[in-house]
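Derivation of every value follows stated rules applied to the coordinates shown; laboratory data play no part. Because the structure is a prediction, the values reported are computed rather than measured. Cβ placement follows ideal geometry from the backbone for every residue including glycine, while neighbour counts extend to all protein chains displayed.
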Amino acid sequence: MGSAHRSAISVVFVVLLAGTMTAVAVAPEPQAQTAQAGNATGSATTISVSASGDVQAEPDVAVLHLESAATAEEPQTATDRLAANTSRLRSALLDAGISEDQIRTTDYNLYDESERGGPEQPPNQTRYVAQQGIAVDVTNTSRVGELVDVAVASGATGVRNVEFTLSEESQADLRNQALEEAMGSARTQAETLAATEDVRITGVSSISTSSEGPQPYATQDVAALESSGTQIDGGPVTVQATVQVTYNATS
């Protein structure tokens, strides 16, 4: 397609709720955050520990945040041109296998460009800008670069960002795995403390949990090369869960 032309596309890896999980890798067992043993009355003892579990997975959902804009001296003309652009964009996405319910408008603006700090206009002449933001949910993350190319060639005038995320189902599964990791670590700590104090764990007195939710893997700029197609790859995201457990123990 001729010489390579580069345009910066901001890619943000975040987590949303849609789709299904593709790959999961459990991180090494985390270190305990806190651990302590306390004596109550007589031989009754409690051991309180805090531990975290981390689980990683590849993103299984991506959201393309696109933009289409049109300008004209009359507001109606600007909105008509924008409507033509977005109609062409929507048709191209549908032809590429994206369904109607995966495409949605996120914002719509019509403004006088000179009032937004745009180029100075000749006296008595105003230029209007009609602008529409469009989000496209992609459940096959390997198609992100391909769909960016389709959009830019079919009415999109910009790519705001690309979000790589986890579906709601994947997020719940990973949190459960992280909780299992955290509870295993907490039990190991408690048994170590019990052995040190020559006591025996008899049960659990209380458990509380907290979660930070999935964490972004990275943020980076990706170059779109017209000669070879846009390449955009996601990275693993992390789900973390923390537990605070108090065990009953006796000598």
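Taking the Cα-to-Cβ direction at Glu180 and at Thr209 and moving 7 Å from each Cα, how far apart do the two end points lie in nm?
Those two pseudo-labels are separated by 1.2 nm.
May I ask you to evaluate 6.51 cos²θ - 1.76 cosθ + 1.60, the Karplus curve with θ = phi - 60°, for each residue of region 127-140 and list the ³J(HN,Hα) values in order in whole Hz, giving x for glycine and proline?
Each residue of region 127-140 in turn: 10, 9, 10, 9, 9, 9, x, 10, 9, 10, 7, 10, 8, 10 Hz.
Under a point spin-label approximation (7 Å from Cα along Cα-to-Cβ), what is the Ser87-Arg104 distance to one decimal in nm?
For Ser87 paired with Arg104, the spin-label model returns 2.5 nm.
Compute the distance in nm between two label points, each set 7 Å from the Cα along the Cα-to-Cβ direction, one at Asp112 and one at Thr196.
7.3 nm
When Lys and Arg each count +1 and Asp and Glu each count -1, what net charge do the other residues less than 9 Å away from Arg127, Cβ to Cβ, add up to?
-3
Run the numbers for Gln76 and Asn140: contour at 0.36 nm per residue of separation, minus the present Cα-Cα distance, in nm.
Details: separation 64, 0.36 × 64 = 23.04 nm, distance 3.76 nm.
Using 0.36 nm per residue and subtracting the Cα-Cα distance, I get 19.3 nm.
From the phi angles alone, apply the Karplus equation (6.51, -1.76, 1.60; θ = phi - 60°) to region 156-171 and give each ³J(HN,Hα) in whole Hz, x where the residue is Gly or Pro.
Couplings: 7, 9, x, 10, 5, 5, 10, 9, 9, 9, 10, 6, 4, 5, 5, 4 Hz.
Considering amide H positions built from the backbone, and no H for Pro or chain starts, which residues 5 or more places from Thr230, or on another chain, come under 5 Å of its amide H?
Excluding prolines and chain starts, which carry no amide H, the hits are Asp149, Leu225.
Whole-Hz ³J(HN,Hα) for each residue in region 50-63, computed from phi via Karplus 6.51 cos²θ - 1.76 cosθ + 1.60 with θ = phi - 60°, x for glycine and proline: what do you get?
10, 8, 10, x, 10, 10, 10, 8, 6, x, 10, 9, 10, 10
When only Cα pairs under 8 Å and 6 or more residues apart are kept, what is the percent relative contact order across region 61-165?
Relative contact order here is 51 percent.
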